[in-house]
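K.L.:
I have a structure here, written as structure tokens, and I will follow up with some questions on it.
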Amino acid sequence: MANPRIAYRFSNDGPKLKPAPEGGIMVHLVVNVEHWQFDASMPRTIITPPHGKETVPDVPNFSWADYGMRAGLPRIIEAIQSRGLPASTSFNAGVIQAYPQAAQAMHQAGWEFIGHGVHQKSLNHADGEKDLIATSLNMIETFTGTRPKGWLSPGLRESHDTPDFLKQLGVEYVFDWVVDDVPHWMTTQHGPLLALPYNLEVNDSIIYAVEKHASEEMYLRLVNTLRLFEREAQHHPRVLAIGLHPHLIGVPHRFGSFERMLDLLMKTPNVCFKTGQGIAHWYTEQVPAP
């Protein structure tokens, strides 16, 4: 079965897009800020349980993520804020109670809050998916004063009904459908929903937690990605969404690479930084919802 939500086409065969005035390579920094519940099994592990038997509480693997919230996240906020860059947080709403200082710091930094569930648990493993999505959006709206327009599902996992629920609940764009380097309109039962790019290959979760590469790998991938995008963006704009996690990119042996990534992007011609809302606005002005 072909993609049931997004009609197939070659990437450059879509509507002719004008680049953003600031640049044709639009970089979206997405910091995934998550609540891993201490009394539940961990979404991902760095240490294999003894004898292969999962335990709860899982102190070492919980602490892996907790370190990111305590030490990694403030490093990331400072690096982005000191350079005057916009960013988004893909945000578990449970962080508001579990890590209130983190939630407040990102709100004060002016980051866009993107819905990411309540806790770090895949939607297709959750009961009452629609209610869970609504709860997440409501909690973020109560905290920030603004209802999220964007959504990134935990683990990018969806059920068959997720896009329909998202559109019905007022979400305007989603990052789960990583099919292209430009946005696409996707179909739902309640009208068009915008799919925004989100990169799986220049993403610290894939590079370090799944593929387990050396510390410099993410920087090297960015260098090579920019080399191609600089050529392609002369004719067709490109979106480069970079997924980040405090417990991965925020650790000391990788953090220098992250800072070099930011500096490389800032000095590369034709690169600009945008939030999800900025990219959605750029696209929908040229390609309104069908």
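K.L.:
So for the stretch 149-158 (the condition being surrounded by fewer than 18 Cβ atoms within 10 Å (Cβ to Cβ) and hydroxyl-bearing (Ser, Thr, Tyr)), does at least one residue qualify?
P.N.:
no
K.L.:
Among ALA98, ALA105, ALA71, ALA87, which is the only one that is out of contact with any Gly (no Cβ under 9 Å at 6 or more places or on another chain) and touching a residue at least 60 places away in the same chain (Cβ under 8 Å)? Explain how you work it out, then say what you get.
P.N.:
Numbers: ALA105 fails: touching a residue at least 60 places away in the same chain (Cβ under 8 Å); ALA71 fails: out of contact with any Gly (no Cβ under 9 Å at 6 or more places or on another chain); ALA87 fails: out of contact with any Gly (no Cβ under 9 Å at 6 or more places or on another chain).
Exactly one residue qualifies, and that residue is ALA98.
K.L.:
Moving on. Going by the conditions given, is GLY250 of a type outside the set (Lys, Arg), touching a residue at least 40 places away in the same chain (Cβ under 8 Å) and under 30 Å from LYS167 (Cβ atoms)? Steps first, please.
P.N.:
On the way: of a type outside the set (Lys, Arg): yes; touching a residue at least 40 places away in the same chain (Cβ under 8 Å): yes; under 30 Å from LYS167 (Cβ atoms): no.
Criteria not met by GLY250.
K.L.:
Another question about this same structure. Tell me which residues, restricted to the stretch 179-217, are buried (at least 18 other Cβ atoms within 10 Å of the Cβ), hydroxyl-bearing (Ser, Thr, Tyr) and within 18 Å of HIS253 (Cβ to Cβ).
P.N.:
SER205, TYR208
K.L.:
Pick from VAL287, VAL251: which is over 23 Å from ARG227 (Cα atoms), touching a helix residue (DSSP H, G or I) at 6+ places or on another chain (Cβ under 9 Å) and surrounded by fewer than 21 Cβ atoms within 10 Å (Cβ to Cβ)? Before the answer, list the steps.
P.N.:
On the way: VAL287 fails: touching a helix residue (DSSP H, G or I) at 6+ places or on another chain (Cβ under 9 Å).
That would be VAL251, the only listed residue that is over 23 Å from ARG227 (Cα atoms), touching a helix residue (DSSP H, G or I) at 6+ places or on another chain (Cβ under 9 Å) and surrounded by fewer than 21 Cβ atoms within 10 Å (Cβ to Cβ).
K.L.:
Using the structure shown, decide if VAL171 is of a type in the set (A, V, I, L, M), over 28 Å from ARG260 (Cα atoms) and assigned to a loop (DSSP other than H, G, I, E, B).
P.N.:
Numbers: of a type in the set (A, V, I, L, M): yes; over 28 Å from ARG260 (Cα atoms): yes; assigned to a loop (DSSP other than H, G, I, E, B): yes.
Here the answer is yes, as VAL171 does meet what is asked.
K.L.:
Hey, another quick one. I need every pair where a residue in the stretch 42-65 that is on the phi > 0 side of the Ramachandran plot has its Cβ under 9 Å from the Cβ of a residue that is modelled with pLDDT under 90 and not in a loop (DSSP other than H, G, I, E, B), sequence separation at least 6 or different chains.
P.N.:
none
K.L.:
Just to be sure I understand, how many residues within the stretch 223-248 are among the basic types (Lys, Arg) and surrounded by fewer than 18 Cβ atoms within 10 Å (Cβ to Cβ)?
P.N.:
First, pick out the residues of the stretch 223-248 that are among the basic types (Lys, Arg): 227, 231, 238.
From what's left, surrounded by fewer than 18 Cβ atoms within 10 Å (Cβ to Cβ): 227, 231.
Counting residues in the stretch 223-248 that are among the basic types (Lys, Arg) and surrounded by fewer than 18 Cβ atoms within 10 Å (Cβ to Cβ) gives 2.
K.L.:
Next up: When you look at PHE255, is it aromatic (Phe, Trp, Tyr), in contact (Cβ under 8 Å) with a residue 60 or more places away in the chain and within 30 Å of GLY68 (Cα to Cα), yes or no?
P.N.:
On the way: aromatic (Phe, Trp, Tyr): yes; in contact (Cβ under 8 Å) with a residue 60 or more places away in the chain: yes; within 30 Å of GLY68 (Cα to Cα): yes.
In short, yes.
Yes/no matrix, rows are residues, columns are (1) touching a Leu at 6+ places or on another chain (Cβ under 7 Å); (2) at pLDDT below 95:
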{"site": "ARG5", "(1), (2)": "no, no"}
{"site": "PHE10", "(1), (2)": "no, no"}
{"site": "GLY14", "(1), (2)": "no, yes"}
{"site": "ALA20", "(1), (2)": "no, no"}
{"site": "VAL30", "(1), (2)": "yes, no"}
{"site": "GLU34", "(1), (2)": "no, no"}
{"site": "PRO43", "(1), (2)": "no, yes"}
{"site": "THR48", "(1), (2)": "no, yes"}
{"site": "LYS53", "(1), (2)": "no, yes"}
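K.L.:
If I ask for residues that are buried (at least 18 other Cβ atoms within 10 Å of the Cβ), acidic (Asp, Glu) and more than 21 Å from the chain's Cα centre (by Cα), which ones from the stretch 19-65 would you list?
P.N.:
Passing the criteria: only ASP58.
The values are calculated or read from the model by the stated rules, or taken from the named source; none is laboratory data. Since we're looking at a predicted model, the values are computed, not measured. A quick note on method: Cβ atoms are made from the backbone with ideal geometry, for glycine too, and the neighbour counts reach across all protein chains shown.
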